[in-house]
1. Could you run through the range 41-53 and say how many residues are surrounded by fewer than 16 Cβ atoms within 10 Å (Cβ to Cβ) and either under 14 Å from residue 88 (Cα atoms) or near the ligand (Cβ under 9 Å from one of its atoms) (or both)?
2. Assuming residue 119 fulfils every condition listed in (1) under 17 Å from the mean Cα position of the chain (by Cα); (2) in a loop (DSSP other than H, G, I, E, B); (3) within 22 Å of residue 187 (Cβ to Cβ) apart from one, which condition is it?
3. How many of the residues in the range 122-152 are closer than 15 Å to residue 191 by Cβ, touching a residue at least 40 places away in the same chain (Cβ under 8 Å) and outside any loop (DSSP other than H, G, I, E, B)?
4. Of the numbered conditions (1) exposed (fewer than 15 other Cβ atoms within 10 Å of the Cβ); (2) under 26 Å from residue 139 (Cα atoms); (3) at pLDDT below 95, residue 181 satisfies every one except a single condition; which is it?
5. Out of 67, 29, which single residue is surrounded by fewer than 20 Cβ atoms within 10 Å (Cβ to Cβ), under 21 Å from residue 171 (Cβ atoms) and either modelled with pLDDT of 95 or more or in contact with a helix residue (DSSP H, G or I) (Cβ under 9 Å, 6 or more places away or on another chain) (or both)?
6. I'm trying to understand the selection: among the residues of the range 101-113, which are within 19 Å of the chain's Cα centre (by Cα) and assigned to a loop (DSSP other than H, G, I, E, B)?
7. If I ask for residues that are surrounded by fewer than 14 Cβ atoms within 10 Å (Cβ to Cβ) and under 30 Å from residue 113 (Cβ atoms), which ones from the range 230-247 would you list?
Ligand code: FES
């Protein structure tokens, strides 16, 4: 997963493009996702979260670009002059539905007994995309729940490996407690060098990872089904405030 490079130096250059046939303009260096959101055009995302580096791993944000046969991830594709982008086609809906179904089939996402039910981005997207059953065989893996932290719990059964927790901890909190171990289907989030979370020497207990997690994989102790409400909009505010202080 190659992180998107930082924005090029600021220029005042404005580029014109179309999204779903609508003329829009955006600044050179912006991504398709940024241009779309600035114009209230919805593109589904899971690994992307405003305030964190974009890594383009979930592939939910794929869009079509005229002249290109392949699909492009909107969160890491920069706009170009004259670009013609389409964000809604039957092909894209099928693609996105397949991704959501694969995520559900990979681990044990049982919404009925999840602390984040009703406040889960995976659940919301499934509903938005009309995913009411899973056509792939479910794996039902046996995965651990790490409740060793005094305030929080990590439930690998609900993790979709978006790595928002890894990035917020490294980029915003500066602790870099989280990382990913193993490869492919065996990948798991781990604290420090694969220590129980409660034994981590780097975790500050700030809870940022819990609040950026899109599902019920990270949650606060003591909460029951549907009680874990995440505070994701706090992140862009925090990042903007820090940028202001540094000036
Ligand atoms: Fe773009 Fe995940 S949001 S690839």
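The values are calculated or read from the model by the stated rules, or taken from the named source; none is laboratory data. From a predicted model like this one, the values you see are computed outputs, not experimental measurements. When we count neighbours, we look across all protein chains shown, and the Cβ atoms used for this are built from the backbone with ideal geometry, even at glycine.
1. 1
2. (3)
3. Number of matching residues: 2.
4. With (1) exposed (fewer than 15 other Cβ atoms within 10 Å of the Cβ); (2) under 26 Å from residue 139 (Cα atoms); (3) at pLDDT below 95 applied to residue 181, the lone miss is (3).
5. 29
6. Hits for the range 101-113 are 107, 108, 109.
7. 231, 233, 234
One line per residue, one yes/no per condition, for (1) touching a helix residue (DSSP H, G or I) at 6+ places or on another chain (Cβ under 7 Å); (2) over 26 Å from residue 236 (Cα atoms); (3) modelled with pLDDT under 95:
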site	(1), (2), (3)
56	no, no, no
60	yes, no, no
74	yes, no, no
78	no, no, no
83	no, yes, no
88	no, yes, no
97	no, yes, no
108	yes, yes, no
121	no, no, no
